[in-house]
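What follows is a short report on a single structure.
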Amino acid sequence: MKNEDYHIMLVDDQKIANYINKKLIEISGIEHQISDFTDPKKALLHLNNHNPDVILLDLNMPDINGWDFLEQMKINKFNSKVAIVTSSTSKLDRKKSQDYQEVIEYYSKPLKKDDIRNLINKLASN
Amino acid sequence: MSDYNPTEAKYRITYEAYSKFSSQLSKVNDIDGLIAVVSKNLKYFFSYQIFRIILIENKKTLAYTFTNTNKQYTSSGSSSLLNHEKKIAKTQIPLHTSCKDQELLRFLNNNNDGLDNDKDLWGWYFNYTKIEVITSIVTKADLPLTISDVEILRLVVDTFTTKHKELQLDKQLKLKNENLKEAIIKIEDQNSKIKEINDNQQQIIFDRTDEIRKKNESLVKLSFLNAHSLREPLTRILGLLDLSDELDSNEFKSNFKEYIKESALELDQILNKVIEQSVEAIDQYAIKNIERDEK
């Protein structure tokens, strides 16, 4: 496992959710830098001049939901990897996420410590 | 002034009488009118005591009798044929005898002028398309018919038969038109009934479909709430609880309680909303069922 300095972006309209994920990443002991957003629009703007290694993306958000966010990424050719982290248990959502090449993982909340490690491993092996 | 010619004069008078007769006939529009015009004009054509005309069409017999006292009799059915008429119908041979038939002469009762004198009976058979006509005339024996009388008689019979036929067709046409109108009204009535039933059924189908659609909508809304909103604050609580096993910092401790509470309150709010919507959906369904049972 390479402990590089991973740039991780958190996009969830719930600040507590972002807080939890941030803490989980801290606990995992992985070297990282985090940018967290409760407003997906601001996150998209941030992507104009940043290229995070992975984005933890919530699906159910007002105004711009996770799917819109993925479409915008495609249009703007942002090539960060995406891990969907959703409270949805819908099989349809999981299936739909497979249509997006940049989506490398799909997690149902709450995210676990091990999920973060596995995700970083997946990134490292790519 | 030209020389007096009795035959020519008679023709002229007859011609004038006939043109008057024709013009009156053209204004006639029912059988009664026809009888009245004939009765009024017949005496201008020839002298007669009784004039009878029998029309046989499709085995139906109609008998019209005119007397020189302006009386008219109408009868129908084969029984209205007199003996000599039956004979003419059978043989089709013209008839000229002295008249003794009391059945015929009874048309002249109350006529003092007639009964004592000798009378002649004349009869002819004419065949038109689809109609057989038998005509008979009773004249005084001392005033027989001349050839010109017979010619004009023939003309009168022609005219009568043609007009009679025209009036009957007219009557039948009117009757058929009325029947047709009645049938059309009936059809329209039934059409509107059918349309009403159709509309009603479409309304019922529409209502039921609409009901199902609304029910589906509320179900989809409910399941959406369940899939996303309901789980979301719960996952935060679970996540925070997981973290509490690992983190012991004061920063976490101070946030932990606040975040748990905030998330729990949100969960409560959403649960209330879900319960409210379920109850509403159940109530609506129950009300609809009661309404339908009452119908």
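Brief remarks on what is shown
- Checklist (1) more than 14 Å from chain A (Cβ to nearest Cβ); (2) surrounded by 10 or more Cβ atoms within 10 Å (Cβ to Cβ); (3) not hydrophobic (A, V, I, L, M, F, W, C) applied to B:ASP142, failing item: (2)
- Cβ pairs under 6 Å, 6+ apart, first in the range B:261-272 and under 17 Å from A:ILE16 (Cα atoms) and at pLDDT 90 or above, second in a helix (DSSP H, G or I) and hydroxyl-bearing (Ser, Thr, Tyr): none
- Considering only residues in the range A:107-126 that are surrounded by 16 or more Cβ atoms within 10 Å (Cβ to Cβ) and more than 14 Å from chain B (Cβ to nearest Cβ), the one that is farthest from A:SER28 (Cα to Cα) turns out to be A:LEU123.
- Search result, residues across the range A:81-96 that are of a type in the set (Val, Ile, Thr) and either closer than 23 Å to A:ALA43 by Cα or touching a residue at least 24 places away in the same chain (Cβ under 8 Å) (or both): A:VAL82, A:ILE84, A:VAL85, A:THR86
- Helices (runs of 4 or more DSSP H) enclosed by the range A:4-106 - at least 3 residues per element that are away from chain B (no Cβ under 14 Å) and closer than 23 Å to B:ARG231 by Cβ: A:66-75
- Number of residues in the range A:1-14 that are among the charged types (D, E, K, R) and surrounded by 16 or more Cβ atoms within 10 Å (Cβ to Cβ): the value is 2.
- Checklist (1) surrounded by fewer than 15 Cβ atoms within 10 Å (Cβ to Cβ); (2) more than 26 Å from B:LYS288 (Cα to Cα) applied to B:ASP199, failing item: (2)
- In this structure, B:LYS119 qualifies as modelled with pLDDT under 90, of a type in the set (Lys, Arg) and more than 41 Å from the chain's Cα centre (by Cα).
- For beta carbons closer than 7 Å, sequence separation of 6+ or different chains, a first residue in the range A:97-110 that is closer than 24 Å to B:LEU238 by Cα and a second that is of a type in the set (Val, Ile, Thr) and surrounded by fewer than 17 Cβ atoms within 10 Å (Cβ to Cβ), the qualifying pairs are A:SER108/A:THR89.
- Failed item, numbered, when A:LEU92 is tested on (1) closer than 21 Å to A:TYR6 by Cα; (2) surrounded by fewer than 16 Cβ atoms within 10 Å (Cβ to Cβ): (1)
- Residue count, the range A:108-119 (criterion: in contact with a Ser or Thr (Cβ under 8 Å, 6 or more places away or on another chain) and closer than 21 Å to A:TRP67 by Cβ): 2
- Flag if B:LEU271 is surrounded by 10 or more Cβ atoms within 10 Å (Cβ to Cβ), within 12 Å of chain A (Cβ to nearest Cβ), in a helix (DSSP H, G or I) and not basic (Lys, Arg): no
- Residues in the range A:69-107 that are in contact with a Ser or Thr (Cβ under 6 Å, 6 or more places away or on another chain) and closer than 15 Å to A:ILE55 by Cα: A:ILE84, A:VAL103, A:TYR106.
- Residues in the range B:283-295 that are in a helix (DSSP H, G or I) and surrounded by fewer than 11 Cβ atoms within 10 Å (Cβ to Cβ): 8 in all.
- Of the residues B:LEU222, B:LEU243, B:LEU234, the single one that is surrounded by 16 or more Cβ atoms within 10 Å (Cβ to Cβ), of a type outside the set (Gly, Ala, Ser), assigned to a helix (DSSP H, G or I) and more than 11 Å from chain A (Cβ to nearest Cβ) is B:LEU222.
- Contacts under 6 angstrom Cβ, first residue in the range A:64-80 being among the β-branched types (Val, Ile, Thr), partner crowded, with 16+ Cβ neighbours inside 10 Å, 6 or more apart: A:ILE64/A:PRO40
- Filter result (in contact with a helix residue (DSSP H, G or I) (Cβ under 6 Å, 6 or more places away or on another chain) and not β-branched (Val, Ile, Thr)) within the range B:257-270: B:TYR259, B:SER263, B:GLU266, B:LEU267
- Out of B:ASN29, B:ASN5, B:ASN41, sole residue that is within 33 Å of the chain's Cα centre (by Cα), polar (S, T, N, Q) and either exposed (fewer than 12 other Cβ atoms within 10 Å of the Cβ) or under 15 Å from B:PHE160 (Cα atoms) (or both): B:ASN29
- Every condition in (1) farther than 22 Å from B:THR67 by Cβ; (2) surrounded by 12 or more Cβ atoms within 10 Å (Cβ to Cβ) holds for B:ASP149 except the one numbered (1).
- Of note, B:SER78 satisfies the criterion of being surrounded by fewer than 16 Cβ atoms within 10 Å (Cβ to Cβ) and closer than 22 Å to B:ASN127 by Cβ.
The values are calculated or read from the model by the stated rules, or taken from the named source; none is laboratory data. Only a predicted model underlies this, so the values are computations on that prediction, with no experimental measurement involved. No Cβ is skipped: glycine too gets one built from the backbone with ideal geometry, and neighbour counts run over all protein chains shown.
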